[in-house]
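Written out below as structure tokens is the structure these notes cover.
The values are calculated or read from the model by the stated rules, or taken from the named source; none is laboratory data. Just so we're clear, the structure is a prediction, and the values are computed from it rather than from any experiment. Quick reminder, even Gly has a Cβ in these numbers, built from the backbone with ideal geometry, and neighbours come from all protein chains shown. These accessible areas exclude ligands, DNA and RNA; they are computed on the full protein's heavy atoms, side chains included. Shrake-Rupley method; radii C 1.70, N 1.55, O 1.52, S 1.80 Å.
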Amino acid sequence: MPETEVYSVSSKESRPVVRKFLARPQPEGFGATVRRSIGRFELKYFDPFLALDEFSVSAPYGFPDHPHRGFETVTYMLQGAVTHEDFEGNKGSIEAGDLQWMTAGRGIVHSEMPAPHGTQKGLQLWINLSSKYKMIEPRYQEIGRKDVAETAKDGVKVRVIAGEALGIRSPIYTRTPTMYLDFTLKPGAQIRQPIPVSWNAFVYILEGEGIFGNIQSSPVTAHHLLLLGSSGYGLEAWNKSSKSLRFILVGGEPLGEPVVQFGPFVMNSQEEIDRTIEDYENCTNGFEKAKHWKSESTVLMGY
């Protein structure tokens, strides 16, 4: 994959912004608030991405025991911490700057609950799996904030969650080929980041305001999702404001497969969804350990 350029003049055009959404707050889980940009009624699916939530939650509320099958979840903490626990005995804490890349595969039941004090904030991205990987064994990849690949150059800082930028690469293995970059641009900074041909890509703005795709475009502010067009070299972005601009750039190779979703289950046909519901209700075919399991947080909170 070509390296990021902090800035260069090129005849190659950048990808244009073709759609823009403001992610408004909505309730989710038990007492949590999310800003959902993918997975909402205007944008149900952006192949291979199923959902993107910017979440905010405070104890005692959160996301108690719930199942997944057929895709991956990427949890990236921005503030505070959440504790996670699953029916395989995996447990731990994801703190600010930490990354958890969870492949649910054939089935996981887990909980995600906030630290006891303050407001916990983060991003969760759902990435679809191709049919050949939907029933694989679950897997976790976790990277602490000190070990996330990070570099800076000429007013641009990038944390590489997946893929490559500014000459550094993430160790995360992506079954669905994916790039996930966390950029911070100081006032006056600008970048050009290549995106592989044929990949779908989007920007989600976390802080500040920036200009994307075309220098003549109007600035876009925090909590907006920008879908990028399919033609062009990659993303160009400028920070013409007096404050820092922070955004994520996410891209992925489309799967081009049918998608049938029922809440936390994502398969390729209604028959597979029906079978998944039966598996979960009967604690079979990957959900066996759900029969007698409850997370510690669920027991303590009485969910």
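So the values come out like this:
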quantity	calculated
Residue in the stretch 253-276 that is at pLDDT 95 or above, more than 15 Å from Phe71 (Cα to Cα) and β-branched (Val, Ile, Thr) present	no
Any hit, the stretch 63-80, residues being open to solvent by 10 Å² or more (accessible area, probe 1.4 Å), hydrophobic (A, V, I, L, M, F, W, C), modelled with pLDDT of 95 or more and out of contact with any Pro (no Cβ under 8 Å at 6 or more places or on another chain)	yes
Any hit, the stretch 81-89, residues being free of Cβ contacts under 8 Å to residues at least 60 places away in the same chain, over 18 Å from Asp147 (Cα atoms) and of a type in the set (A, V, I, L, M, F, W, C)	yes
Meets criteria (over 21 Å from Tyr180 (Cα atoms), of a type in the set (Ser, Thr, Tyr), open to solvent by less than 30 Å² (accessible area, probe 1.4 Å) and assigned to a strand (DSSP E or B)) for Ser93	no
Filter result for the condition that a residue is at pLDDT 95 or above and in contact with a strand residue (DSSP E or B) (Cβ under 8 Å, 6 or more places away or on another chain), over Arg40, Arg15	Arg15
Subset of the stretch 81-90 [of a type outside the set (Ser, Thr, Tyr) and either open to solvent by less than 10 Å² (accessible area, probe 1.4 Å) or assigned to a strand (DSSP E or B) (or both)]	Ala81, Val82, His84, Glu85, Asp86
Pick from the stretch 10-58, criterion of a type in the set (Gly, Ala, Ser) and assigned to a strand (DSSP E or B), ranking: surrounded by the most Cβ atoms within 10 Å (Cβ to Cβ)	Ser37
Residue in the stretch 128-142 that is of a type in the set (Val, Ile, Thr) and buried (at least 16 other Cβ atoms within 10 Å of the Cβ) present	no
Enumeration of residues in the stretch 244-292 that are aromatic (Phe, Trp, Tyr) and surrounded by 17 or more Cβ atoms within 10 Å (Cβ to Cβ)	Phe247, Phe265, Tyr280, Phe287
First in the stretch 206-234 and without any contact (Cβ under 8 Å) to a residue 12 or more places away in the chain and crowded, with 17+ Cβ neighbours inside 10 Å, second anywhere and hydrophobic (A, V, I, L, M, F, W, C) and part of a strand (DSSP E or B), Cβ under 8 Å, 6 or more apart	none
Strands (runs of 3 or more DSSP E) contained in the stretch 159-270 and holding at least 2 residues under 30 Å from Met135 (Cα atoms)	178-185, 200-207, 245-252, 260-262, 265-267
Enumeration of residues in the stretch 271-286 that are in a loop (DSSP other than H, G, I, E, B) and in contact with a strand residue (DSSP E or B) (Cβ under 9 Å, 6 or more places away or on another chain)	Gly286
The stretch 269-288 residues that are at positive phi, paired with ones that are assigned to a helix (DSSP H, G or I) and surrounded by 15 or more Cβ atoms within 10 Å (Cβ to Cβ) (beta carbon under 6 Å, 6 or more apart)	Cys283/Ala290; Asn285/Asp279
